[in-house]
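For reference, the structure is listed below as structure tokens.
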Amino acid sequence: MIVAWWPQAPTTGSDRPGGTFSTPAMHSTGAFEWSAFAAQQAAEKAVKALYQRLGAEARGHSVTQLLAALPAGARPADELIDVAKQLDKRYVTPRYPNAYPSGAPMDFYTPAEAERAIAGAERILEHCQGILRKGRRPARGGRVCPHAGGALSRAGGG
């Protein structure tokens, strides 16, 4: 079974001005803010692929909330959820010119910060890929929707 979100996860960020298609390529061009954003997007898409594999629906953009709401057999350790918290901070600020009191987002991102974001995303991708490769379907309680207070619901509402 091909999970729709998975193929896009490692190569996210293709909407970056200039047409660079991978996080490492963005990083090598000095686009550290976009590298950090693309890392968050890669992690988000990988986790959503995992939800698809579980037959569940994932809504929202918080990698932290998405990981924390996974069923026990797929939920990572708290350490990886902490990594997701760092990535989630990269979702808004790299994209908006008024995210900081003055200056552009590119003025606030460093190579080290981009490298940490990329490394964090790679760890989340590895976690998700490990479950996807094994073809495991951890115990499911229906469709998980983190933005509904972690409530579980089946397709078709309910």
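The values are calculated or read from the model by the stated rules, or taken from the named source; none is laboratory data. Nothing here was measured: the structure is a model prediction, and the numbers come from that model. Note that we place each Cβ from the backbone using ideal geometry, even for glycine, and neighbour counts take in every protein chain shown.
Of the residues that sit in the stretch 133-149 and are charged (D, E, K, R) and in a helix (DSSP H, G or I), which one is modelled with the highest pLDDT?
Among residues in the stretch 133-149 that are charged (D, E, K, R) and in a helix (DSSP H, G or I), the one modelled with the highest pLDDT is 133.
What's the number of the condition residue 68 fails, among (1) of a type in the set (Gly, Ala, Ser); (2) out of contact with any helix residue (DSSP H, G or I) (no Cβ under 8 Å at 6 or more places or on another chain); (3) surrounded by 14 or more Cβ atoms within 10 Å (Cβ to Cβ)?
Unmet for residue 68, out of (1) of a type in the set (Gly, Ala, Ser); (2) out of contact with any helix residue (DSSP H, G or I) (no Cβ under 8 Å at 6 or more places or on another chain); (3) surrounded by 14 or more Cβ atoms within 10 Å (Cβ to Cβ): (2).
What are the pairs with Cβ atoms under 6 angstrom where one residue, in the stretch 44-67, is in contact (Cβ under 8 Å) with a residue 40 or more places away in the chain and the other, located anywhere, is surrounded by 23 or more Cβ atoms within 10 Å (Cβ to Cβ) and among the charged types (D, E, K, R)? Sequence gap at least six, or different chains.
The qualifying pairs are 58/48; 63/44.
Restricting attention to the stretch 85-124, report how many residues are closer than 19 Å to residue 48 by Cα, outside any helix (DSSP H, G or I) and of a type in the set (Lys, Arg).
The qualifying residues number 2.
Using the structure shown, decide if residue 130 is modelled with pLDDT under 90, within 25 Å of residue 56 (Cβ to Cβ) and surrounded by fewer than 15 Cβ atoms within 10 Å (Cβ to Cβ). Don't jump to the end; show me each part of the working.
Working: modelled with pLDDT under 90: no; within 25 Å of residue 56 (Cβ to Cβ): yes; surrounded by fewer than 15 Cβ atoms within 10 Å (Cβ to Cβ): yes.
Against the criterion (modelled with pLDDT under 90, within 25 Å of residue 56 (Cβ to Cβ) and surrounded by fewer than 15 Cβ atoms within 10 Å (Cβ to Cβ)), residue 130 does not qualify.
Output the residues belonging to the stretch 26-79 that are assigned to a loop (DSSP other than H, G, I, E, B), touching a strand residue (DSSP E or B) at 6+ places or on another chain (Cβ under 9 Å) and closer than 16 Å to residue 130 by Cβ.
Listed by number, the residues that qualify are 54, 70, 71.
Taking into account only those residues within the stretch 87-116 that are of a type in the set (Ser, Thr, Tyr) and closer than 16 Å to residue 63 by Cβ, which is farthest from the chain's Cα centre (by Cα)?
Applying the first criterion (of a type in the set (Ser, Thr, Tyr)) to the stretch 87-116 yields 91, 93, 96, 100, 102, 109-110.
From what's left, closer than 16 Å to residue 63 by Cβ: 91, 93.
Numbers: 91: 9, 93: 15 Å.
Top of the filtered list is 93.
Of the conditions (1) in a loop (DSSP other than H, G, I, E, B); (2) modelled with pLDDT of 95 or more; (3) not aliphatic (A, V, I, L, M), residue 82 satisfies every one except a single condition; which number is it?
Checking residue 82 against (1) in a loop (DSSP other than H, G, I, E, B); (2) modelled with pLDDT of 95 or more; (3) not aliphatic (A, V, I, L, M), the one that fails is (1).
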